[in-house]
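To start, the structure itself, in structure tokens.
The values are calculated or read from the model by the stated rules, or taken from the named source; none is laboratory data. Nothing here was measured: the structure is a model prediction, and the numbers come from that model. Areas reflect the complete protein model, heavy atoms only, side chains present, ligands, DNA and RNA absent. Shrake-Rupley method; radii C 1.70, N 1.55, O 1.52, S 1.80 Å.
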Amino acid sequence: MERAPIPVHALAHRPLTAAAVAELLALPAEPRVPDDVVEAVVRQRGWSWEHHLVCDSLRTGYGHVLCTEGYIPFGHPDVRHFLVFGEVYPVDPDDDDVHTRNGPWLYGLMDDWQKLPGWSGCRPGTDLDCEGVLARAAHAVTECLGSGPERTVVSTAAVVTGPALTHRVWRTATHALVLGPASDNGPYGYLTHLQLSLTPLSCGPELPPEEDEDGLARWITAHVDW
């Protein structure tokens, strides 16, 4: 019997494109930028700082939110980069205050995500809406890399709350790309990013086999969690 969709309070997203994926992939190999010219480089690229939705992040010219370990994304192959193209407010069955305490300010945050240029959303939504966003993003990654994911697994890896969603994994010679949900570590884990992570392969051991779902979940968490 087909299961019923799992509700989420709200979903906001901006389509991921092959060009945005290619830009992300190029960041580790770019020349390093001295601290005193970072602001100028950000402006020249048509980017801007985003300190409200994700602390110390950047909004790219494609309209996504980029988070980088160490704050500066240019020319650092040994750090993690997370490109956020969706934000989810999951339903927490243990949250009794959704209409009084948590709901109002979390819906306000979701409003702020949805107001970003080129972003749209739905309220309420379901896990199927989230999966649709992830599937379209996966097509963009496949188009950029020329091949489909090496691993596909439905899990709650790196997620504090919310439904299990699909993670997809690609690898280059030096980096892992993980597409899927990850905890938004800002507002107490109530929200969930839909993101593409570009992280050094040294973050974890060899990619586990398809049937090892627990091993894949640990591998994913090792690569996409701070």
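For Ile72, Ile6, the ranking by accessible surface with the largest value first comes to Ile6, Ile72, using a 1.4 Å probe.
For the stretch 111-226, compute Rh as the Kirkwood radius over C-alpha pairs and then the Stokes-Einstein diffusion coefficient at 25 °C and 0.890 mPa s; write the answer in µm²/s, rounded to an integer. For these conditions, the coefficient is 166 µm²/s.
Name the shape class, rounded, prolate or oblate, that the alpha-carbon gyration tensor gives for the stretch 22-76, where a ≥ b ≥ c are the square roots of its eigenvalues, rounded holds for a/c under 1.5, and otherwise prolate holds if a/b is larger than b/c and oblate otherwise. Since a/c stays below 1.5, the shape of the stretch 22-76 is classed as rounded. From its DSSP helices (H runs of at least four residues, each -39,500 (n - 2.57)), the chain gives a residue-normalised ellipticity at 222 nm of -8000 deg cm²/dmol. Over all directions, the projected convex hull of the C-alpha atoms in the stretch 50-182 averages 9.0 nm² in area.
Which shape class, rounded, prolate or oblate, goes with the stretch 115-170 when its Cα gyration tensor gives a ≥ b ≥ c as root eigenvalues, a/c under 1.5 marks rounded, and past that a/b bigger than b/c marks prolate? Judged from the Cα gyration tensor, the stretch 115-170 comes out oblate (a/c at least 1.5, b/c at or above a/b). In terms of its Cα atoms, the chain spans 50, 40, 27 Å along the principal axes, sorted from long to short. Between the C-alpha center of the stretch 14-90 and that of the stretch 189-209 there is a gap of 16 Å.
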